[in-house]
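Undergrad: One structure, as structure tokens, below. Some questions next.
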Amino acid sequence: MSVQNNLNTIQSSLPPHVTLVAVSKTWPVSDLMEAYNAGQRIFGENKIQEMADKHDEMPKDIQWHMIGHVQTNKVKYMAPFVSLIHGVDSLKLLVEINRQAKRYRKVIDCLLQLHIAEEDTKFGMDESELTVLLESEEFKQMQNVRVKGLMGMATFTDNKDQIRKEFNKLKTVFDTIAKIPATDNYQPTTLSMGMSGDYQIAIECGSTMVRIGSSIFGNR
Ligand SMILES: *Cc1c(COP(=O)(O)O)cnc(C)c1O
């Protein structure tokens, strides 16, 4: 199967309210261009340097999503061009994103990452940390970030019940924080959950954005 065929198959199986992020980490620009030529415009990368290199080389109408763990001292390398940062897991990181965005006189969209998996290897905040962040004066004063919703990763397991339970948990938290009134920097409409192995379950549980790599590009 070609990248184009894989992409078309997945894209046509997604409900219209679900956005597809093509996760292109580790793949060369030539593979990304296949997806681009098939119409894909949103790409997800997990390393800032790799994303910056690909951004330099590729057409400028691509929206680049940072889906990996972000180190505070590297935010500056993506601030000029990144379109959505999925893995914001601390107020400290959000402060730095706001600071860098301000330097470029822009607003950077972010998702807050919630820890939903049983494994403790995955990053993310718990529910109380999330609440503290959203209610902090520091966040309320930020003018150069916009929190667009939540992101989470389920446990890597074949146990579909467990995956469903974790996605349902994330959806419940999302519904709770979505009741907080929107402001200039808070517009919670996006729930990023679901990868190649679990995106159908994620969509059943209320995902609005899926991050799919290997089902499009092959096994890394
Ligand atoms: C790699 C990655 C994906 C895509 O994983 P696949 O199993 O290849 O679809 C999605 N989300 C994050 C955060 C990733 O790091």
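The values are calculated or read from the model by the stated rules, or taken from the named source; none is laboratory data. From a predicted model like this one, the values you see are computed outputs, not experimental measurements. Because the Cβ atoms are built from the backbone with ideal geometry, glycine has one as well, and the counts that use them run over all protein chains shown. When the accessible area is computed, the model is the full protein with side chains, heavy atoms only, and any ligands, DNA or RNA have been set aside. Shrake-Rupley method; radii C 1.70, N 1.55, O 1.52, S 1.80 Å.
Undergrad: Which residue, Lys106, Lys179, Lys54, tops the fluctuation ranking in a GNM of the chain built on C-alpha contacts under 10 Å?
TA: Of the options given, Lys179 has the highest mean-square fluctuation.
Undergrad: Please report the relative contact order for the chain, taking Cα pairs under 8 Å with a sequence separation of at least 6, and give it as a percent rounded to a whole number.
TA: Reported as a whole number, the value is 20 percent.
Undergrad: Describe numerically, in nm with one decimal, the distance between label points set 7 Å from Cα along Cα→Cβ at Asp53 and at Glu135.
TA: That separation, rounded to one decimal, is 4.5 nm.
Undergrad: Another one. Excluding residues on the same chain fewer than 8 positions from Lys102, give the aspartates and glutamates whose Cα lies under 17 Å from its Cα.
TA: Answer for Lys102, where 17 Å is the Cα cut-off: Glu138, Asp184, listed by chain and number.
Undergrad: Using the Cα atoms of region 3-215 to build a convex hull, what is its mean projected area in square nanometres? List each step's numbers first, then the result.
TA: On the way: hull surface 44.9 nm².
The directionally averaged projection comes out at 11.2 nm².
Undergrad: Between region 132-160 and region 1-31, what is the separation of their alpha carbon centroids in Å?
TA: 25
Undergrad: State which entries of Lys47/Lys171; Lys60/Lys160; Lys25/Lys60; Lys54/Lys148; Lys74/Lys160; Lys47/Lys106 exceed 29 angstrom in Cα-Cα distance in the structure shown.
TA: Numbers: Lys47/Lys171 27 Å; Lys60/Lys160 39 Å; Lys25/Lys60 18 Å; Lys54/Lys148 25 Å; Lys74/Lys160 36 Å; Lys47/Lys106 22 Å.
Table pairs above 29 Å Cα-Cα are Lys60/Lys160; Lys74/Lys160.
Undergrad: Another question, then. Which value at 222 nm does the chain reach when only helices count, each DSSP H run of 4 or more adding -39,500 (n - 2.57), with the total divided by all residues and rounded to the nearest 500 deg cm²/dmol? Working shown, then result.
TA: Numbers: 10 runs with 89 residues, N = 220.
Helices in the chain give a 222 nm mean residue ellipticity of -11500 deg cm²/dmol.
Undergrad: Ignoring ligands, DNA and RNA, what accessible area per residue does the chain give at 1.4 Å, in Å²?
TA: On the way: 10680 Å² over 220 residues.
Per residue, the chain has an accessible area of 49 Å².
Undergrad: Expressed as a whole percentage, what fraction of the accessible surface of the chain belongs to carbon and sulfur atoms when a 1.4 Å probe is rolled over the protein heavy atoms? It would help to have the intermediate numbers written out before the result.
TA: Working: 5230 of 10680 Å².
The computed percentage sits at 49.
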